[in-house]
Amino acid sequence: MNRNDGTDNRSGIVDQSLGYFNHHLIQLYVSRCKLIADHHETFMKRSLVHPLNDVSIDRLTNINGATMLNSEQLHQLAAICRQASDTEIMPRFRKLGSDQVEEKQNHHDLVTIADQAAETFILDKLRALYPDALLIGEESVYQDPAALSQFSKAALSFVLDPIDGTWHYANGSVNFGVMLSVASHGEVVAGIIFEPISGDYMWAIKGQGAFDRVDGQDRPLKAGHQSSLPLSETMGCFSFGVSKGEDRPRAIQAVMQMGRVMDYRCAAAEYRLLNTGATAFVIFQGTLNLWDHGAGLLISQEAGAVARMLDGSQYAPQNTGKLLVAESEARWNEVAALFS
Ligand SMILES: [Mg+2]
């Protein structure tokens, strides 16, 4: 049979097509490998910026009886938050199945598989680095509140909210953060609010100011950006939706005298807005959990904000009532007066 018949020609076309097809497959494969390699390199760079195995409790300093971290140690903690974000939080964002989200006290109060996995990840790392420290995680304390009772006595403790703003996270909204505070004998000495979406974080060490670390560069935080504005022209956050019974019309009355008011249901986002100067005040109410406020309060105070309960007392873990954090003493008094 003549080999130069139509069959051979068709084979030639098929071979050519297959060659073309294979060429594209190879190109696709190479670009996919490059993508994975780039992602891996970024991940490794992020993870290795602050190696986690060279810190131990005996390197922590003791100042006036309080255990203190230095900034290197704090950034190592932020690197742990970043690793938890990269491995447990972001890979599940907008991909949660209905069986991976559970209600806690009501249908607005959620916990997801990512909260639990991120908490386990971070607490395991902290346990390895600081074996003698007291570890308090939102999700583990929810199961067993006993750890909270040791908070005021522990020489060194870590308090973690693995995902603050779980309602947002579970609903695909970007307002959520990892919050970690470090305390000694019940006093918060360092805090981090890590933002998984951007990879940036706010941080503070007691007595050393507060900073927003954006793309690896620290920007000092300074409260009071809106101090020249009348209250009616400011923006603030107030969880007025939590108000119940006769407290509700009072809350609405107060809101009517404020400028623009938001209710984020995410302390990480609300402390960020206050400390960048986007808002002039924030009022939290209900049960004021230590893991929701330890880091945020220290960062705010180090930035120069004023924070007290509305009755004038200092915040204490698991307080109930209203906590007002304002850009200045004058603003604090002005907002507090709306509730008197
Ligand atoms: Mg949480």
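The values are calculated or read from the model by the stated rules, or taken from the named source; none is laboratory data. Everything quoted here is computed from the prediction, not taken from an experiment. Every residue, glycine among them, receives a Cβ derived from its backbone with ideal geometry; neighbour counts consider all protein chains shown.
Quick notes on this structure:
Yes/no per residue for (1) within 18 Å of A326 (Cα to Cα); (2) crowded, with 19+ Cβ neighbours inside 10 Å; (3) within 23 Å of the chain's Cα centre (by Cα):
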site: G216; (1), (2), (3): no, no, yes
site: P220; (1), (2), (3): yes, no, yes
site: L229; (1), (2), (3): yes, no, no
site: F238; (1), (2), (3): yes, yes, yes
site: V242; (1), (2), (3): no, no, yes
site: R248; (1), (2), (3): no, no, no
site: Q257; (1), (2), (3): yes, no, no
site: L274; (1), (2), (3): yes, yes, yes
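- Test: residue in region 270-277 that is closer than 15 Å to E334 by Cβ and among the β-branched types (V, I, T): no
- All of (1) of a type outside the set (A, V, I, L, M); (2) more than 16 Å from the ligand (Cβ to nearest atom); (3) more than 20 Å from Q83 (Cα to Cα) hold for H168 with one exception: (2).
- Each residue in region 268-287 was checked for being of a type in the set (A, V, I, L, M, F, W, C) and under 16 Å from D212 (Cα atoms), and 5 of them qualify.
- Filtered by the rule that a residue be closer than 17 Å to R82 by Cβ and away from the ligand (no atom under 16 Å from the Cβ), region 129-165 gives a lone residue, L129.
- Whichever residue in region 318-337 is within 29 Å of I136 (Cα to Cα) and polar (S, T, N, Q) and, among such residues, is surrounded by the fewest Cβ atoms within 10 Å (Cβ to Cβ): T320
- In summary, L148 fulfils each of the numbered conditions (1) in contact with a Phe, Trp or Tyr (Cβ under 9 Å, 6 or more places away or on another chain); (2) aliphatic (A, V, I, L, M); (3) at pLDDT below 95 with the single exception of condition (1).
- When I205, I192 are checked against the criterion of being modelled with pLDDT of 95 or more, closer than 22 Å to S173 by Cα and in contact with a Ser or Thr (Cβ under 8 Å, 6 or more places away or on another chain), I192 stands alone in meeting it.
- Residue within region 292-300 that is without any contact (Cβ under 8 Å) to a residue 40 or more places away in the chain, surrounded by fewer than 24 Cβ atoms within 10 Å (Cβ to Cβ), within 16 Å of the ligand (Cβ to nearest atom) and closer than 17 Å to L160 by Cα present: no
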